[in-house]
Structure formats: C-alpha cells, structure tokens
1. Express the carbon and sulfur contribution to the solvent-accessible surface of the stretch 149-257 as a percent, rounded to the nearest whole number, probe 1.4 angstrom.
2. Which trypsin sites (Lys or Arg not before Pro) in the stretch 1-61 sit in a loop by DSSP (not H, G, I, E or B) and have at most 15 other Cβ atoms within 10 Å of their own Cβ?
3. Can you list the aspartates and glutamates whose alpha carbon sits under 14 Å from that of LYS348, skipping same-chain ones fewer than 8 residues off?
4. Where the accessible area of the stretch 1-71 is counted over protein heavy atoms with a 1.4 Å probe, how much of it, in %, is carbon and sulfur?
5. Mind telling me which of ALA131, ALA113, ALA171 comes out most flexible in a GNM of the chain, alpha-carbon contacts under 10 Å?
6. Heads up, I need the accessible area for MET102: 1.4 angstrom probe, whole protein in place, Å², nearest 10.
7. Quick one: work out the % antiparallel among DSSP beta bridges in the chain, nearest 5.
8. Would the stretch 1-68 count as rounded, prolate or oblate if I go by the C-alpha gyration tensor, calling it rounded below 1.5 in a/c and otherwise prolate when a/b exceeds b/c, oblate otherwise?
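The values are calculated or read from the model by the stated rules, or taken from the named source; none is laboratory data. The structure presented is a predicted model; accordingly, all values stated were derived computationally and were not measured. Cβ placement follows ideal geometry from the backbone for every residue including glycine, while neighbour counts extend to all protein chains displayed. These area figures cover heavy atoms from the full protein model, side chains too; ligands, DNA and RNA do not enter into them. Shrake-Rupley method; radii C 1.70, N 1.55, O 1.52, S 1.80 Å.
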Amino acid sequence: MHDVIKFISENLYKGRQCLAIFLDLAKAFDTVPVPILLEKLERLGVRGKQLDLFKSYMKNRLQSVKISNHRSSDLPVTYGVPQGSILGPTLFTIYINDLCQMKLISGKSICYADDTVLLFAEGDWKKTFEAAQNSFNTIQRWLCSNKLTLNAEKTKYLTFSICDVTQPGNAFSLLAHSCILKNPSSLTSCRCPLLERVEVVRYLGILLDKNLSFEHHIQHLKNRIRNLIYVFKNLRHVVQPYLLKQVYLALCESLLTYCISCWGGALKTHMVSLERAQRALLKVSTFKPFQYPTILLYNNCQLLTVRQLFVLNVIKKQHQSINYDPDKIKCKRRKDIVIQSSFKLNTKFIKIYFCFLGPYLYNKVNKIVHIYSMNRQE
C-alpha cells in the first residue's frame, strides 16, 4: 500500500497525470494449471525431493459434491491451488511472480496475491492513457498464456488528480481487448468492453479516491467505529476495565492502526469526525459524560488518540527501513539521520504522505529521544 501511494503522490506532486488499473481475476486460485505451476517451481530452484513433495501435494486430488445424503462420484482436480492453507497464497504468488517483473511503459505493477494494480504516469492524459492501454494489452496476453482469465466487468480504473479541474473528462477510455488474443490487427474495429472508470475503489482494505484525500476511507472507518458503541455499551456492565481495554484494542484500535501510516496524515477536516467517534466510544465504555475533558479521558484510559497513533506508526515504519551506521552516532553535530527528498513545500499536498512525513517526523523525534541508536545490533 505504501508503494502504491508513494508512486501516485510523488507523480502528482511533479505535475504528472496518474492512472491506476485494478485488475480482477476470475476465480484466480481455482484456475491455476498445476503443470505450469510445477514448471515455475522448478525454474525457481525447487527440484528433487522438494519438487516431488509439491507434486504429491497438488496432483491426484479428487473432488465431489454432497447434498443431504446424496454424494456424487469423484472427479480429478487438474486446476487450482488448494485453498484454506498457508501454501495456497504462496503458490499463487509464485505462479503470478512473472507478472511483477514485466516492464510496463511509464508505469509499474504491484501485486499482493491476486490483488494486482497497474500504475501509470505521464506528462499529459493522452500519453498516460496510451501507455496504460498498451501495457494493459501486454498484461492480457500474459494472462491468456498463463491460463488466467480477466474479469473485465469488475476490473476498474481510477484517474488521480490534486483537484477535479485537471481530471481527463470523457475524452479518453480504456478497453479490455480480447480480440488481440485472436486477431491483433482488429484493434481499430473491435467491440471489446470498456473498463469502468470510478471515483473510489477499494484496494487491500483501503478506499482510494481520485484526489487521494482518503475522505471516503475515513468516513467508512468512522461508521465502523460508531457501530461498536452499542457493543461496548452492553459490555461495560459485565466486564472488568482491564478486559474491556483488551476488547477495545482488538476491535477498535486494530481498525484505526491498519495502514494508518498511509492515510493518517489526511486533512484535519476529514480526521475530526473519526477522532470524535473514537472519543464517543471511550466515553461510553468508561461511563463518562458527554462533555468530559478529552485529555483526562485518554490519560485515564492510557490510550493514544488517532493522531498520536499515526505519528507512532509513521516513526516505527521509518525506523524499520533504516540500516544502522555507527558513524552517524559519533558525529558531534547532530544531523538528520534520514535524508529527506527535496520537495518544494510551496504546496500542502505532499505534506500529508509518508514519503515526506516519514523522514521529517523521524528526524524531529530522534533529536529529542535519540531512537536511531536502537537499531544497533550488539
């Protein structure tokens, strides 16, 4: 998710036109050909007894259907990776790994299991759509040769811009060319379906909007937090405070901290509703009145606000990506540990994203707490 947002935010900041295609594969896990998967495993270096183990795991599998007391005869399963196990997503990732290594025109592909997004950026919308269409055609050829089917109806694309004025309008479109697989010369006269252009799309549990403001995601998250108030209103009468806090961490804070380093820097006008929802839930859980002071509320509960959770997770994320260098500790004059990208801060747009806030917050906190030395390995 960080890679997706970094690509979009940095290209928008540079004044480029950005577009993302979110692929949907029809029954992705169920249509993987076992022979091709075994060939890819062998090319990766899985050979000998290890490869025999995978062969015995995926071959000679049978399936049947049972309704009440009636059971059909067994039929062999020659396609698909077994689902419900740790190996299922891993094997599918190995199978689709070639897709991630393909070089796209003015873009890149990012995959997480069967959730794949194609990102493109160019100087104007015409070049962006041309690069996206050409690369999308290449991806379709790869999917066909690997026996995977694209669901054109559920495949969406999103055009990103800082403001609505710079949106491309209806002058451009993308097509899911199925004709290129049979007759490549028929691209100009084909009747292939158009990809649907949307203003908001869900990717890896995050709602991305065309302005990358995360307004829709925050509103969706606010509604989920407020729906928990009824649960805690009943639970507070029968559960001890320490156990109630554990339930809060599991049900509420887990929602707030999911990818918060990506969306937590959103504008205050969007975040204030989520902060109010969090405070409302805590007041109900602890029998506090509506006008109870906010500072005392968080101190008594020993919990962090949404903004504090954002800062904490940004610093932790940045800390994990830094390699320890003892020369930086020996330097008498305290310098910035993380070299920050040279953003011209004449616009507030880039200030809300991790690519700017990560180095900025880490350097600022490190001058006070000296957290960089914690990366040292004894």
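1. Here it works out to 53 percent.
2. LYS14, LYS27, ARG47, LYS59
3. The qualifying aspartates and glutamates are GLU10.
4. 48
5. So, out of ALA131, ALA113, ALA171, the one fluctuating most is ALA171.
6. 50
7. 95
8. oblate
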